[in-house]
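For reference, the structure is listed below as structure tokens.
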Amino acid sequence: MNKLVSSLKEALALAGLRDGMTVSFHHHLRNGDHVINMAVAAMQELGVHDITLSASSLFQVHTPILSAFDDETITGVESDYVGGDVGRAISEGRLKKKAVFRSHGHRPADIESGKMHIDIAVIAAPSSDAAGNCTGKYGESACGSLGYAMPDARCADRVIVVTDNLVAYPLCDFSIPETQVDYVVTVDSIGDPAGIVSSTTRITRDPVGLKIADYAAQSILHSGLLKDGFSFQTGAGGASLAAAMYLKDIMLRQNIHGSFCMGGITGYLVDMLEAGCFEELMDVQCFDLKAVESIRTNPRHKEVSASHYAAPGKRGCIADHLDAVILGATEVDLDFNVNVHTNSQGVIMGGSGGHSDVAAGAKLAIIVAPLIRARLPLIVDRAGTISTPGKTIDLVVTQYGLAVNPASPRGAELRERLKEARLPVTSLEALKKKAEDLSGVPASVKRGERVVADVLYRDGTLLDQIYSIC
């Protein structure tokens, strides 16, 4: 069976692309991806309209798709994270329909249950053979794990693999098998792997960030969870990565051997694996090129699907086995609700990703963030957008102190443990007052009348809505 076709445009036509369909993409090349832009341009050439673009994440590199918003080639966006100009355009109301935000776990759960039907999945593959066996581990565009593309490949009506490295059959170390692929397209370049790395995936050198990171690591140490078999996930922000660095030092000093690290994997977590801090890395997405090299060469660095990572309500997921997670925040309100979707002006600039999934699954969910950012306080009365509900957050760590959630099942014990360790335990109310004393009370955000996006929780319930900006 010959699956090779001459162009992405031809592949979309052969796959039966027509008005009203849903076409999906993954984001393993992050801000280096070329395939979404190529595919949307091909859709415009084919003259289709009313397409829903289901992308696990969208970045600044995807700004060219905005012309398809304007001519209504694309009328809907469903994603877990939207940044850059695309997020601003949705906030401005340029998309005809409401966008839909899911989490990294909720998206595959809806795909596999049929609640979100994918007509055509377009998969950027750094290496593929002519039959469609493909992987992200090899090739000039190597991005590592293809975990976010796996549910789409399993469930879509038609699957198109786009590669810039066609290899001889069979490609044995595949992430996605030929049995799930209908067409294979070769192009000059699927993207720039250097775009995997961004400023948010480098360790902070800021003294404030390092102080926050130290407090977070000390909190884990004194929580009672840091012992042999410990499991861990950290975000890719600078302070979160610094916390991982401090945690590594503690684990080596105390000879603690953890079981696994999870999530988007960075070189810092690879270092912890190689130093013996953990037995395994469970990887749904590589965040830098050191992680790409590791997943290619180290058998203890495992590729997993987005469903296995965090999909709720089935036979279990890795997120439910985590002891501690370190996460970031744009805002935290007095009920410990966390915003990672919108900025201080109400503009879409991110999304939950796996934030709400791992906060719900972990025994200890820690938010790390500076108390003041750009002269705006972290703690607010009500989060501009609720991305992760406060009931799943245990601890907020800032440079001015640590606030334990009194509603947390472990709250009373955790507070006593941290106080006994002489860490600066305080309350969110006290942190809010401190921030406002330093920077003043921020002006309220004016919002438009139109709802431009629904934010769904990992169980499918409506968590919040995002309004247009004025």
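The values are calculated or read from the model by the stated rules, or taken from the named source; none is laboratory data. Worth saying up front: this structure is predicted, and the values here are computed from it rather than measured. To get the accessible areas, we keep the full protein, side chains included, count just its heavy atoms, and leave off ligands, DNA and RNA. Shrake-Rupley method; radii C 1.70, N 1.55, O 1.52, S 1.80 Å.
What the table shows:
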{"item": "Relative contact order, percent, segment 5-83 [alpha-carbon distance under 8 Å, six or more residues apart]", "result": "33 percent"}
{"item": "Surface accessible to a 1.4 Å probe, per residue, for the residues of segment 291-435, Å²", "result": "38 Å²"}
{"item": "Accessible area (Å², 1.4 Å probe, nearest 10) - residue 470", "result": "120 Å²"}
{"item": "Over 21 Å [Cα-Cα, segment 61-208], rounded percent", "result": "55 percent"}
{"item": "Debye intensity ratio in log₁₀ form over the Cα atoms of segment 130-247, taken at each q of 0.11, 0.16 Å⁻¹", "result": "-0.58, -0.83"}
{"item": "Carbon + sulfur, % of accessible area of segment 263-337 - ligands and nucleic acids excluded, 1.4 Å", "result": "47 percent"}
{"item": "Residue-averaged 222 nm ellipticity for the chain, from DSSP H runs of 4+ at -39500 (n - 2.57), nearest 500", "result": "-8000 deg cm²/dmol"}
{"item": "Solvent-accessible ranking of 314, 419, largest area first, probe 1.4 Å", "result": "314, 419"}
{"item": "Nonlocal amide H pairs with residue 398, under 5 Å, H built at 1.01 Å", "result": "403"}
{"item": "Solvent accessible area, Å² - residue 234, 1.4 Å probe, full protein context", "result": "10 Å²"}
{"item": "Residue-wise HN-Hα coupling along segment 157-164, computed from phi with Karplus coefficients 6.51, -1.76, 1.60 (Hz; x: Gly, Pro)", "result": "5, 9, 10, 10, 9, 10, 9, 10"}
{"item": "Rounded D (µm²/s) - segment 8-100, Kirkwood Rh over Cα pairs, Stokes-Einstein at 37 °C, 0.692 mPa s", "result": "254 µm²/s"}
{"item": "Viscosity 0.890 mPa s, 25 °C: Kirkwood-radius Stokes-Einstein D of segment 349-470 over Cα pairs, µm²/s", "result": "154 µm²/s"}
{"item": "Residues of segment 50-94: accessible area per residue with a 1.4 Å probe, Å²", "result": "27 Å²"}
{"item": "Under 5 Å, built H, 5+ apart or other chain: amide partners of residue 78", "result": "53, 54, 55, 100"}
{"item": "Average Cα contact separation per residue, the chain, under 8 Å, 6 or more apart, as relative contact order %", "result": "15 percent"}
{"item": "Hz values of 3J(HN,Hα) by residue in segment 441-457 - Karplus curve (6.51, -1.76, 1.60), Gly and Pro given as x", "result": "8, x, 5, 5, 7, 8, 10, x, 8, 8, 7, 9, 7, 9, 10, 9, 7"}
{"item": "Accessible-area composition of segment 1-114, carbon plus sulfur, in percent [1.4 Å probe]", "result": "48 percent"}
{"item": "Accessible heavy-atom area order of 349, 43, 150, 1, highest first, probe of 1.4 Å", "result": "1, 349, 150, 43"}
{"item": "Solvent exposure of segment 121-210 as accessible area per residue, Å², 1.4 Å probe", "result": "37 Å²"}
{"item": "List 257, 28, ordered by accessible area with a 1.4 Å probe, largest first", "result": "257, 28"}
{"item": "Solvent-accessible surface (1.4 angstrom probe) belonging to residue 256, in square angstrom, nearest 10", "result": "20 Å²"}
{"item": "Calculated over segment 179-304: convex hull of Cα atoms, volume per residue (Å³)", "result": "120 Å³"}
{"item": "Relative compactness, segment 280-347, computed as alpha-carbon Rg over 2.2 N^0.38 Å", "result": "1.46"}
{"item": "Amide H contacts of residue 364 (H built 1.01 Å from N, under 5 Å, at least 5 apart or other chain)", "result": "324, 325"}
{"item": "Cα-based Rg / Dmax (Å) for the chain", "result": "21.8, 70"}
{"item": "Projected-area mean, segment 341-397, by convex hull of Cα positions, square nanometres", "result": "4.1 nm²"}
